[in-house]
Every structure is written in structure tokens, then in C-alpha cells.
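See below for the structure under consideration.
The values are calculated or read from the model by the stated rules, or taken from the named source; none is laboratory data. Model, not experiment: these values are computed from the prediction. Backbone-built Cβ (ideal geometry, glycine too); neighbour counts: all protein chains shown. When the accessible area is computed, the model is the full protein with side chains, heavy atoms only, and any ligands, DNA or RNA have been set aside. Shrake-Rupley method; radii C 1.70, N 1.55, O 1.52, S 1.80 Å.
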Amino acid sequence: MDQPIPPEEKDELPFLPRQRLLGDSSLGTPVAGMRSAWGLISAYWRSDQKKSAWLLTGALAAATIADIAVNTGVGYIMANVTNAFQARQFDLDFAFNMAGLFLMPWVGGAAVASKVYMGNIVDMEWRRWLFEKFEAAKKTGNAMYHVRQLPGNVENPDQAITQGPLEVSARVTGLGTGLFTSVITIGTFTGVMASLCSKVPVEILGQQYSMPGPHFWFGMGAAILLGAMQTKLFNFFGHPFDKLNLRQTRKEGALRTEQLTTFNESAKIVGYGKNAIEAHSVKKIFQSVIENLKNLAKTRFRYTYATDVFNRKSGAAYLTIGGYLFAATNYSWGQALQITQAINTLQASCAWLGASKPAISEAESWVIRMVELAKRLEDAQDPHKFYAQNGNRAEIYIKDHNRPSILFKNIVIDNPKTRQPILNVPHLEIRQGERIMVIGKSGSGKSCLLKIPFGQYYYGSGECFRPGDKKMVLAEPHILDTETLTLRANLALPEGPEAYTDAAYREVLEQAELGHLVDELETERRNALLPTEELEKLEKRSYSKLSNGEKQRLVCARIMLNKPDIVVLDEGFSAMDPALQMEMCRRLTNRLPQATIIAVVHAGNEALRPMFGKIIEVKNGSLEITTPENIVPFPKSAPYPLPELKKAI
């Protein structure tokens, strides 16, 4: 259960030429254009939601400009008040400035709150859009199933889909707002500097112009130089964040998956009496998390030390500049202070890229993971190339035809680990309405063969033809999460819970010998009227703790309700005793009289053998097809006459 950590050489974000930044969208999943960093970040603003996206972004920009304007106004007012105190001029202008000084916090608070609120709205809408696109992409062409089978460099795809949009939208929105603020601030405070500094007359083409004097150019040069030095210094000490943050997100994801796996498999682990292997696996991953955190802590120490020293030295430099302007020029102390603050603000804005290095690297780590997932989901749209990328043969082709049967032609199934053939099926046709039992030893290829029509197995070669207009169900021996899905939703799959009446739900539960769950239907009706906070206080649903046999019978109830045309039950009766197996099989057959029913069982578990019209045994790499001599007929109405039935249930 140990989750592999990707090689460190894959930690770098690929920088693509401009013509490839948006990615090739020829295959057409909803995330096809998100297979590069720029493609992922810009997709929302190029989508069918671009109008609302740009409107929200414009509102955020307006709130940001208002915040900058308030800060600039506060600087002017502070300078005027300082000059008034210095000159002891407490006139009407002084009164207006003092009033403005007391009012500005309210105006500034409104501007800041508006900026934060609009940032949250942009983040929320972008996250919703990203999540919906990746959710749709994972369902396109069974992409998530294929990625789960062959994840490649995409570990924890479930975490990437659920947490990735949150991290990308929040971090990139914050960085984008910061960058926009820096650009506007540079323009604003350049104007402030120009208005504060003394002017010199300049003649251009015979015309006299008033241009900023040397103090302006000195101040601008100092701000740009210090900003460049700060950016270079911060990037030098912050560069290790790029790899370390990406590794941390990967390792944290691996730890999360290992803990979740251990939790889900807790019953099996307890059954063995010890959990030494699981404990070792968790400990190993956690140690790698701690080691990477130590490296991050060292990097943060060096980065924080360098930035703090630089900022303190910059403060001393600005104090020197302010003292010079006040002592050696005609500037008042308020003007000198305002010019110094403007230079400081310009320098900080010019150094935004370096100062934001930790935040940029954290955002980049999530962008990389989302880009990798988008590539993987898109690659999965061509399953033959997808499964062949590791050198395996993936040449089983699935086609729809207008006949009601499933036809296998020249099928050779390979073991993907050994790359050796394990089963040869020159020709097999499963006709409509047949009742077939497939038996064989574990690893013989019987389940692989029956996964082919559902697009779940491609290793090998050959062709499979399936009825394109029939409802097909591969019912494996498990049910979906009973702690999050209601009983109705679990039974109604793949339809919605409102697709059937309560009477239909009750009928199939009784047919599946799950009558004790009928009360759950009424409980769900009552709970649906409760607010969310009340629902969270309720105990877990009564049907969330089912035995293996009950889970298999719940799958049978689902099949009876949905009435598919073709049913494949992979170990669908294994947790039931022989009497109950035969009764469930009888009821399924009565409920689906025209359906094709295929039951897969392991050799040695053949209680149902006499109840099927055809037995397919997978043996020595080929199929042996026989017909039972004594087939027990299925009564159409009367219960199956087995006295052990009630006891078995």
C-alpha cells in the first residue's frame, strides 16, 4: 500500500513555447486546454463563462484601485498635517485634513473589505468552474477509471480534483491581485513623486516644459535599484521553495491516501491481529513528510533572515534620504517624509516578484499537479495508446453492433505484469437471454474477459462487439459509499433517487431479503425536510453497516430495480450460503426474464452450476463450454422450496 513518490526530476514545471501554451485540444475533454500552466490559469476567462469572469475581475480591480487611492490620500493628508504642526498653522485647511484623517479609516476599511470580498467571489466562481470541468473530464470516456488503473505521475487524483481547484483558484487569485496592485501602485506613486519633487524648466523644440528635477530621478533610480536587488536576493534564497513545495504536496497526498486506505481496510487489518505492515508504510511516508518539512523550515529561515536584513537596511537608507531632503533642500519635513514613503512604496512594488516567491512556488506546485492530471485525463481518451505507453500490448478493440449479443473474436488476453498471454478466445458469442456461469481459478482471466465489453480491459489483442442499444451492468461485489449516499440513491444507480417510487424501492428490498431496511426509506423522507446542520447531528444511517452478504443482496436489489438487458455478476453471490445463492438467482431471473445473466465464480464455489443453461470454464488458457445435465427449472411464482432459506438469511 506504499504510495510511490514521483522522481525529483519531474518536479520542474515545463515551460512551453507560446504556440503550445494553451495545449492541443484535439481530443476534446473539458480540460483539454488545461494541459499547460497558462492554459489552466487562463481557461476560465476564455470559457463560455468569460463574461461573468471578466465582470467579477473588473469589480475586483476597481476595489483594488479604490484601496490604493485611499492609501495615497492618507499619505497626502499625513504630509499636510505634519507640515501644519511644523509651521503651527492650525487653520481651516488643518481642520479639513484632520477630519479627513479620522474619516479615512472608515473609507479605507470599506475599500479593503470590498477587495477581499470580490477576491473571494472570483476565487469561489473560478474554483466552481474548475471543479465542474475536471469532474466532467474524469467521466468522459471512463477517464478516471483508466487513470486509476495506470496513474503514471498523477498520484492521488481524487485529492487533485477536490483540493486542487481550491488551491489553484485561491493562490492564483491572491497573486494576481498582488501583481495588479503592484503595477497600479508603481504608476500612482510615480505620479506622487513627480508632483512632490521640485521641477526644472526644459526646452524641447522651442517649447518650455516643466519636468521633474534631479530629486525625482534620484528617488526613482533608488527605488528601481533597490527593488531589483531585493528581487534578485529573494529569488536566490527562495528558489528551493519550487521543488520543496511540490514535493510536500505530493508527500502529503501520499500520506493522506495511505491513512485513508488503512482506515477503509481496518476490518481486514484487525482480522490479522496486527497491523505491522500498515504501520511501517504510514511511518515511512510520514518520515519523508517530516524530512521535507525540515528542508522547508531551513529554506524559510534563510529566506526570512535575508529579507529581514534587507528590509532593515532599506529602512535606514530611506531615513538617510529623508534626512537629506529635509536638511539640504527646501522641502518641508512632511514633503520629505512623503517622498521617502513614495520611494519605499515604489521599491516594494518593484520587488513584488521576489517578495512573493514562497506564495508563487506554493501556487506553482498545485498548478503542476492540476496540469499533470489534465494531461492524464486527456491521454486516457485513447485507451489503446494509454495502456500501451509502458510497453504493453493494448490492442483489444471494442465496437458497437446492431445485434443483441456480445461477440468475442480472436481475443488474446495478456497479463500486464508479465506481458504474457493467459487466455485465448478465438470465438465466443453470448446471445440475448442466455444464463451463463463462468468458472475458473483465480488469475485465469475470466474477469478480464468479461470486463472487455465494458471498456475496462485492453491488454492483449482481438475484437469485441457489443449491442450499442442495450443497457449493460457489470455488478462487482461491492456497493457505493453507504455513509454519504442515501439508500434510495444507492438502489437507483445509475439513475437519480427520484426515478422510482417508494413502492418500487420497497418491493426490490423485500425481493432481496432486505425488508429490515424498508424503514430507512421513511427515515430518509423525514430527514430530507431537515436543515443541513440538523442532519449533521444525526447518527450514521442504519444501512451503513451491512454484512458482505447484505451488500451483495443490495446489488441484486439494484439490478431488479433497474432491469438492465445484460448483467455480469462478478462474485455476486460469494458471501451467501448455497440456499440463499439459489434463491437470489431465481428471483433475479424472474425479475429479468429476457435479460442475459452471466455469473462469475471461482472454481470450487459452484452451488449454482445446475441452475444455468451454459457453463464456461476457463482452463489452461482456453474456454471449455458445457451444458449441465440436470438444470433445475426456475418457478415463476412460488418461493423456492428450500427449508434452509430463512435460516440462511
For region 179-194, which positions are of a type outside the set (V, I, T), closer than 15 Å to A62 by Cα and open to solvent by less than 30 Å² (accessible area, probe 1.4 Å)? S182
Looking only at region 131-151, which residues are of a type in the set (A, V, I, L, M, F, W, C) and either outside any helix (DSSP H, G or I) or modelled with pLDDT of 95 or more (or both)? L150
Within region 141-155, residues open to solvent by less than 10 Å² (accessible area, probe 1.4 Å) and either under 20 Å from A359 (Cα atoms) or not β-branched (V, I, T) (or both) come out as A143, H146
Quick check: anything in region 65-72 modelled with pLDDT of 75 or more, under 30 Å from V289 (Cβ atoms) and buried (at least 16 other Cβ atoms within 10 Å of the Cβ)? no
Just one of G176, G221 is open to solvent by less than 50 Å² (accessible area, probe 1.4 Å), in a helix (DSSP H, G or I), free of Cβ contacts under 8 Å to residues at least 24 places away in the same chain and more than 30 Å from I41 (Cβ to Cβ); which is it? G221
Kindly indicate whether L226 is in contact with a Cys (Cβ under 9 Å, 6 or more places away or on another chain), aliphatic (A, V, I, L, M) and in contact (Cβ under 8 Å) with a residue 12 or more places away in the chain. yes
Just to be sure I understand the filter: pairs with C-beta atoms under 6 Å, separated by 6 or more residues or on different chains, first member in region 97-122 and closer than 13 Å to A66 by Cα and in contact (Cβ under 8 Å) with a residue 40 or more places away in the chain, second member part of a helix (DSSP H, G or I) and aliphatic (A, V, I, L, M). Which pairs pass? G108/V70; A111/A66; A111/V70; S114/A63; K115/A63; M118/A59; M118/L60; M118/A63
Identity of the residue in region 101-112, at pLDDT 80 or above and open to solvent by less than 60 Å² (accessible area, probe 1.4 Å), that ends up nearest to A79 (Cα to Cα): M104
For R128, work out the one condition from (1) touching a residue at least 60 places away in the same chain (Cβ under 8 Å); (2) out of contact with any Asp or Glu (no Cβ under 9 Å at 6 or more places or on another chain); (3) within 25 Å of Q49 (Cα to Cα) it doesn't fulfil. (1)
Considering every residue within region 427-440, establish whether at least one is surrounded by fewer than 23 Cβ atoms within 10 Å (Cβ to Cβ), in contact with a helix residue (DSSP H, G or I) (Cβ under 9 Å, 6 or more places away or on another chain) and not aliphatic (A, V, I, L, M). yes
Of (1) under 28 Å from L346 (Cα atoms); (2) out of contact with any Asp or Glu (no Cβ under 9 Å at 6 or more places or on another chain); (3) open to solvent by less than 80 Å² (accessible area, probe 1.4 Å), A84 fails just (2)
Checking the structure you have, find out if any residue of region 196-209 is in a loop (DSSP other than H, G, I, E, B), over 30 Å from A79 (Cβ atoms) and open to solvent by 60 Å² or more (accessible area, probe 1.4 Å). yes
Residue match in region 228-236 (condition: farther than 24 Å from A37 by Cα and surrounded by 19 or more Cβ atoms within 10 Å (Cβ to Cβ)): yes
Is it fair to say V147 is of a type in the set (A, V, I, L, M, F, W, C), in contact with a Leu (Cβ under 8 Å, 6 or more places away or on another chain) and more than 26 Å from G323 (Cα to Cα)? yes
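Scan M98, M124 and give me the residue that is surrounded by fewer than 16 Cβ atoms within 10 Å (Cβ to Cβ) and more than 22 Å from L40 (Cβ to Cβ).
Step by step, each of M98, M124 is checked, and only M98 is surrounded by fewer than 16 Cβ atoms within 10 Å (Cβ to Cβ) and more than 22 Å from L40 (Cβ to Cβ).
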Based on what the data block shows, is L56 aliphatic (A, V, I, L, M), at pLDDT below 90 and over 20 Å from K139 (Cα atoms)? no
Are any residues in region 29-82 among the basic types (K, R) and outside any helix (DSSP H, G or I), and if so, which ones? R35
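Has region 452-463 got any residue that is closer than 24 Å to M560 by Cβ and part of a strand (DSSP E or B)?
So in region 452-463, the residues closer than 24 Å to M560 by Cβ come out as 453-454, 456.
Next, only the ones that are part of a strand (DSSP E or B) stay: none.
Within region 452-463, not a single residue is closer than 24 Å to M560 by Cβ and part of a strand (DSSP E or B).
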Of all residues in region 414-426, how many are buried (at least 16 other Cβ atoms within 10 Å of the Cβ) and in a loop (DSSP other than H, G, I, E, B)? 1
